[in-house]
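Trainee: Here you go, one structure.
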Amino acid sequence: QVQLVESGGGLVRAGGFLTLSCAASGSFSGINAMEWHRQAPGKQRELVATATPGGGTHHVDSVKGRFTISLNSAKNTLALYMNNLKPEDTGVYYCALYDSDWRPYWGQGTQVTVSS
């Protein structure tokens, strides 16, 4: 069984910063990629950023230059450094892990609220 535990969410004013963390544990056959997704109230879950063990990263346009994803493959941890937060960044942030067979695993999510 694979467990992903997110932490670091909270309430912050626009322009502020937060750091999200995700710790993966359990039995899984390697990591192909890890991602952060978010779901705003009344909207579908959307991809925020992707990281691979080889060091590759991808950030969606809406967060480029403000968010940075970081994967520590040795520790199976994932971080999301979020700067210059905007009210539209509000939502539940989920960590996802894709194992060597591309099976997805999800965390329970952590709430991020940005006030204007």
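Trainee: What number of residues in segment 84-112 are surrounded by fewer than 12 Cβ atoms within 10 Å (Cβ to Cβ) and of a type in the set (D, E, K, R)?
Mentor: 2
Trainee: Can you tell me which residues in segment 51-76 are touching a strand residue (DSSP E or B) at 6+ places or on another chain (Cβ under 6 Å) and closer than 19 Å to Asp101 by Cα?
Mentor: Within segment 51-76, Ala51, Thr52, Pro53, Leu71, Asn76 qualify.
Trainee: In addition: Would you please name the residue that is nearest to Leu97 (Cα to Cα), looking only at residues in segment 14-41 that are modelled with pLDDT under 95 and open to solvent by 60 Å² or more (accessible area, probe 1.4 Å)?
Mentor: Out of the qualifying residues, it is Ser27.
Trainee: Separate question: Can you tell me which residue within segment 84-116, out of those that are assigned to a loop (DSSP other than H, G, I, E, B) and over 15 Å from Arg38 (Cβ atoms), is farthest from the chain's Cα centre (by Cα)?
Mentor: Here is the first cut: in segment 84-116, the ones assigned to a loop (DSSP other than H, G, I, E, B) are 84-86, 90, 100-103, 107-109, 116.
Filter once more, keeping what is over 15 Å from Arg38 (Cβ atoms): 84, 100-103, 116.
On the way: Asn84: 16, Ser100: 19, Asp101: 20, Trp102: 17, Arg103: 17, Ser116: 22 Å.
Result: Ser116.
Trainee: Follow-up. If I filter segment 54-83 down to residues being of a type in the set (Ser, Thr, Tyr) and outside any strand (DSSP E or B), which single residue comes out as surrounded by the fewest Cβ atoms within 10 Å (Cβ to Cβ)?
Mentor: Here the residue is Ser62.
Trainee: Against the definition (within 15 Å of the chain's Cα centre (by Cα) and on the phi > 0 side of the Ramachandran plot), how does Asn76 come out, yes or no?
Mentor: On the way: within 15 Å of the chain's Cα centre (by Cα): yes; on the phi > 0 side of the Ramachandran plot: yes.
The answer is yes for Asn76.
Trainee: Another question, if that's okay. In the set Val12, Val48, which member is touching a strand residue (DSSP E or B) at 6+ places or on another chain (Cβ under 6 Å) and touching a residue at least 60 places away in the same chain (Cβ under 8 Å)?
Mentor: Val12
Trainee: Which pairs have Cβ atoms under 8 Å, sit 6 or more apart or on different chains, and link a residue in segment 16-29 that is closer than 17 Å to Ala74 by Cβ to one that is open to solvent by less than 50 Å² (accessible area, probe 1.4 Å) and of a type in the set (D, E, K, R)?
Mentor: So the pair list comes out as Ser21/Glu6; Cys22/Glu6; Phe28/Asp99; Ser29/Asp99.
Trainee: Sticking with this structure for a sec: State the number of residues belonging to segment 1-13 that are open to solvent by 50 Å² or more (accessible area, probe 1.4 Å) and at pLDDT 95 or above.
Mentor: 5
Trainee: Only residues that are surrounded by 15 or more Cβ atoms within 10 Å (Cβ to Cβ) and in a strand (DSSP E or B): list them for segment 42-53, please.
Mentor: Those that are surrounded by 15 or more Cβ atoms within 10 Å (Cβ to Cβ) and in a strand (DSSP E or B): Val48, Ala49, Thr50, Ala51.
Trainee: From the list Tyr98, Tyr105, Tyr93, which residue is in contact with a Leu (Cβ under 6 Å, 6 or more places away or on another chain), of a type outside the set (Gly, Ala, Ser) and within 17 Å of Ser27 (Cα to Cα)?
Mentor: Criteria check complete, one pass: Tyr105.
The values are calculated or read from the model by the stated rules, or taken from the named source; none is laboratory data. From a predicted model like this one, the values you see are computed outputs, not experimental measurements. Using ideal geometry, Cβ is built from the backbone for each residue, glycine included, and neighbour counts are taken over all protein chains shown. Side chains are part of the model used for accessible areas, which takes the heavy atoms of the whole protein and leaves out ligands, DNA and RNA. Shrake-Rupley method; radii C 1.70, N 1.55, O 1.52, S 1.80 Å.
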